[in-house]
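Enquirer: One structure follows; several queries about it will come next.
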């Protein structure tokens, strides 16, 4: 049982480059989330998808776009990467509002 | 939205009980208290959650005061592997759907 899988695990980008972070879950969960975590900080919500076909902005959505490709997959896209987007990105999924959230192992992104 | 206050750090001796406090004085009647932990840059891991009754599972116990303004997470016999950042979270509603908002948490250091 893989749970939540994120790819890639590490990435270095140059300023202005674009990339897509991939997230897939095999637990048939309805809801999926993208968070970022900066050094010494808690996690901040970027975007979430309450169910397949819907996406909503979280606390820090600027500079990002998301796609809920199907029930399993939720991707995060950086169209023009900036050094301020250097962070660790976590994807999570959960089945319902009151259930526990499962997190991936993170993608460590550095923008130079 | 209810906010939480946690001490930035705590120490505990291995084998002893670790008691991690959390204040959430503005919690609403239908908001749950969740606890997660994050071990050294891994993805956060769910521990336990509750509404107003005390809860226990194989990982920990959650004690919620009668007025629900504070709670305590108890790790009954802390081990070195319990060294982590512990997050107390009150479920936050965004646009009618709940998400999890992480603060800075408490860094628990378990020592031999």
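The values are calculated or read from the model by the stated rules, or taken from the named source; none is laboratory data. This one's a predicted model, so the numbers in the text were calculated from it and none came from an experiment. Neighbour counts run over all protein chains shown; Cβ positions are idealised from the backbone, glycine included.
Enquirer: With respect to residue A:75, is the statement that it is part of a loop (DSSP other than H, G, I, E, B), in contact (Cβ under 8 Å) with a residue 12 or more places away in the chain and away from every other protein chain (no Cβ under 14 Å) true?
Expert: No.
Enquirer: Still on this structure, I have one more. With respect to residue A:17, is the statement that it is away from chain B (no Cβ under 14 Å) and over 15 Å from residue B:44 (Cα atoms) true?
Expert: Judged against the criteria, residue A:17 is a match.
Enquirer: State all residues of region A:79-100 that are within 23 Å of residue A:40 (Cα to Cα), in a strand (DSSP E or B) and in contact (Cβ under 8 Å) with a residue 60 or more places away in the chain; if no residue qualifies, say none.
Expert: A:89, A:90, A:91, A:92
Enquirer: Scan B:37, B:68 and give me the residue that is closer than 18 Å to residue B:10 by Cα and either surrounded by 15 or more Cβ atoms within 10 Å (Cβ to Cβ) or modelled with pLDDT under 95 (or both).
Expert: Every option except B:37 fails the conditions.
Enquirer: Kindly indicate the residue of region A:84-93 that is within 12 Å of residue A:24 (Cα to Cα) and more than 7 Å from every other protein chain (Cβ to nearest Cβ) and also surrounded by the fewest Cβ atoms within 10 Å (Cβ to Cβ) among those meeting that condition.
Expert: Filtering region A:84-93 for residues that are within 12 Å of residue A:24 (Cα to Cα) and more than 7 Å from every other protein chain (Cβ to nearest Cβ), the one surrounded by the fewest Cβ atoms within 10 Å (Cβ to Cβ) comes out as A:93.
Enquirer: Output yes when any residue across region B:15-33 is in contact with a helix residue (DSSP H, G or I) (Cβ under 8 Å, 6 or more places away or on another chain) and more than 21 Å from residue A:44 (Cβ to Cβ), and no when none is.
Expert: The answer is yes, given that some residue of region B:15-33 is in contact with a helix residue (DSSP H, G or I) (Cβ under 8 Å, 6 or more places away or on another chain) and more than 21 Å from residue A:44 (Cβ to Cβ).
Enquirer: Being within 13 Å of residue B:100 (Cα to Cα), facing another protein chain (nearest Cβ under 7 Å), free of Cβ contacts under 8 Å to residues at least 24 places away in the same chain and not in a loop (DSSP other than H, G, I, E, B) is the filter here, so list the residues in region A:39-58 that pass it.
Expert: A:45, A:48
Enquirer: Take residue A:109 and tell me if it is buried (at least 17 other Cβ atoms within 10 Å of the Cβ), part of a strand (DSSP E or B) and more than 14 Å from every other protein chain (Cβ to nearest Cβ).
Expert: No; evaluated as a whole, the condition is false for this residue.
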